[in-house]
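Input: one structure, supplied below.
The values are calculated or read from the model by the stated rules, or taken from the named source; none is laboratory data. These figures come from a predicted structure and were not determined experimentally. Every residue, glycine as well, gets a Cβ built from its backbone with ideal geometry; the counts of neighbours run over all protein chains shown. Heads up: the accessible areas ignore ligands, DNA and RNA and are worked out on the full protein's heavy atoms, side chains in. Shrake-Rupley method; radii C 1.70, N 1.55, O 1.52, S 1.80 Å.
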Protein chains: 2
Amino acid sequence: MNYCSHCGHTLSVRIPDGDTLPRHVCGRCGTIHYQNPKLVVGCLPEWEDRVLLCRRAIKPRYGLWTLPAGFMENGETTAEGAARETLEEANARIEILAPYALVNLPDIDQIYLLYRARLLDLDYHPGQESLEVDLFHEHEIPWAQLAFPTIEHTLHQFFQDRDSGHFELHTADIRY
Amino acid sequence: MNYCSHCGHTLSVRIPDGDTLPRHVCGRCGTIHYQNPKLVVGCLPEWEDRVLLCRRAIKPRYGLWTLPAGFMENGETTAEGAARETLEEANARIEILAPYALVNLPDIDQIYLLYRARLLDLDYHPGQESLEVDLFHEHEIPWAQLAFPTIEHTLHQFFQDRDSGHFELHTADIRY
């Protein structure tokens with residue numbers, strides 16, 4: 001961040017009055033440009049005893065498998081964002097059930113919020129960010145080809161909870 | 001958003017290739033400037049049968065009561081952010097118990113994540129963003145002087161759950 005997005009002047013990094021952290025501050029108009037973590041929203045779509053995964057057609061982790069998820073957009077709720085990402089990546093329609101995993105990734109300034117969801121029909125197919133979309137039984141999950149630690153953690157938790165018959169929100173912090 | 005924060009050139013608003021929404025895009029270096037919702041993290045600190053509230057010394061809602069909460073910072077987890085805000089606003093030390101309220105505010109591009117927390121001692125006092133900090137029994141809560149609908153919603157839910165003896169994560173969408 002080099003220039004003020006409001007007036008175009010150069011920025012300096014300093015601690016504003018009344019603040020405790022260094023921020024990018026405009027030397028002309030005084031605008032403080034805060035940078036905050038981003039929320040990634042998605043879901044774990046179930047169809048009977050199988051789970052839907054998408055194989056990534058984009059970087060990073062091209063070709064690896066993931067749950068449908070992406071950056072939350074302005075103007076939507078977390079559940080709406082999770083359903084939108086599932087539609088975009090897998091052309092799949094879901095019913096959101098409940099928040100299931102809250103995973104902090106403080107080293108990359110992201111928070112994942114993944115919902116349990118019920119796939120409404122089998123008429124899914126890859127969106128432009130996916131190479132393949134498929135349903136997997138537990139023993140079919142491509143554990144060695146999963147895209148992100150958050151996805152692996154959440155799937156492990158899910159199958160454990162499914163065995164016990166009891167689902168609730170899980171929280172985790174993953175550091176690299 | 002008028003200028004590119006990377007190179008200082010003017011921005012235009014258009015839908016980038018492969019995207020579905022209009023973004024601010026730099027006409028010179030091509031940087032796409034995404035805008036995403038912000039996460040507000042905080043907590044509901046309990047001491048025996050009382051709850052800690054802060055009276056705001058800042059706009060908006062100057063002079064009204066709220067739970068300690070604020071924008072999550074880069075490099076921290078949601079629970080760390082909630083504890084940091086409680087220390088900043090109330091100089092209060094807490095133990096985080098569990099996520100309690102997830103409230104979407106899509107009209108202002110915010111998501112509140114509030115934890116239940118246990119106040120560790122009574123040595124609290126107002127930080128520079130607070131006029132007063134105090135503990136309240138349920139019948140003492142200043143319902144008409146609460147700062148935000150999210151706070152009112154969460155406190156109502158909390159006392160209802162406390163009566164029933166059962167706490168779990170609540171989700172809500174609040175539209176203006």
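What is the helix-to-structure angle for B:149-164, meaning the angle in degrees between its Cα long axis and the longest Cα principal axis of chain B, kept from 0 to 90 and rounded to the nearest 10?
Once rounded, one gets 40 degrees.
What nm distance separates the two modelled labels at A:Arg28 and A:Asp134, each placed 7 Å from Cα along Cα→Cβ?
5.6
Sorted by mean Cβ packing within 10 Å, highest first, what order do the peptides A:39-46, B:21-28, A:15-22, A:147-154 take?
Those peptides, ordered most packed to least, come out A:39-46, A:147-154, B:21-28, A:15-22.
Taking a probe of 1.4 Å, how large is the accessible area per residue of the range A:65-138, in Å²?
Per-residue accessible area for the range A:65-138 comes out at 37 Å².
Could you calculate the FRET efficiency of B:Glu95 with A:Glu95 from 1/(1 + (r/R0)^6), where r is the beta carbon distance between them and R0 is 45 Å, rounded to 0.05?
Result of the calculation: an efficiency of 0.80.
Are there cysteines in the protein assembly as shown with no second cysteine's Cβ under 4.7 Å away, and if so, which?
A:Cys43, A:Cys54, B:Cys43, B:Cys54
Moving on. Subtracting the Cα-Cα distance from 0.36 nm times the residue separation, let me have the gained length for A:Arg118 to A:Tyr176 in nm, one decimal.
17.7 nm
Let me ask another. Within 10 Å of each Cβ in peptide B:96-103, how many partner chain Cβ atoms are there on average? Round it to a whole number, please.
Shielding by partners across B:96-103 averages 2.
Of A:Arg61, B:Arg175, which has the most accessible area and how do the rest follow, probe 1.4 Å?
Output order, biggest surface exposure first: B:Arg175, A:Arg61.
If you don't mind, another one. Give me the residues in the range B:67-85 whose solvent-accessible area, probe 1.4 Å, is reduced by at least 50 Å² once all protein chains are included instead of the chain isolated.
Hits at the 50 Å² cut-off: B:Met72, B:Glu73, B:Asn74, B:Thr77.
What is chain B's relative contact order, in percent, from Cα pairs under 8 angstrom and six or more apart in sequence?
Relative contact order of chain B: 22 percent.
Ok, one more. Taking each label point as 7 Å beyond Cα in the direction of the beta carbon, state the distances from B:His166 to the same residue in the other copies, shortest first, in nm.
So the distances to the same position in the other copies read 1.3 nm.
Sticking with this structure for a sec: How big is the B-A contact in terms of buried accessible area, both chains counted, 1.4 Å probe, rounded to the nearest 100 Å²?
Approximately 3200 Å² gets buried when B meets A.
Run the label-point distances for A:Pro142 please: 7 Å along Cα to Cβ, every other copy, nanometres, shortest first.
Distances between equivalent label points, in nm: 5.8.
Using the 7 Å Cα-to-Cβ label point, sort the distances from B:Trp47 to its equivalents in the other copies shortest first and give them in nm to one decimal.
5.5
Determine the residues within the range A:4-44 where the difference in accessible area between the chain on its own and the full set of protein chains amounts to at least 50 Å²; count protein heavy atoms only and use a 1.4 Å probe.
Buried by the other chains: A:Ser5, A:Asn36, A:Pro37.
When the accessible area of chain B is split by element with a 1.4 Å probe, what percent falls to carbon and sulfur?
On chain B, the fraction of accessible area on carbon and sulfur atoms equals 48 percent.
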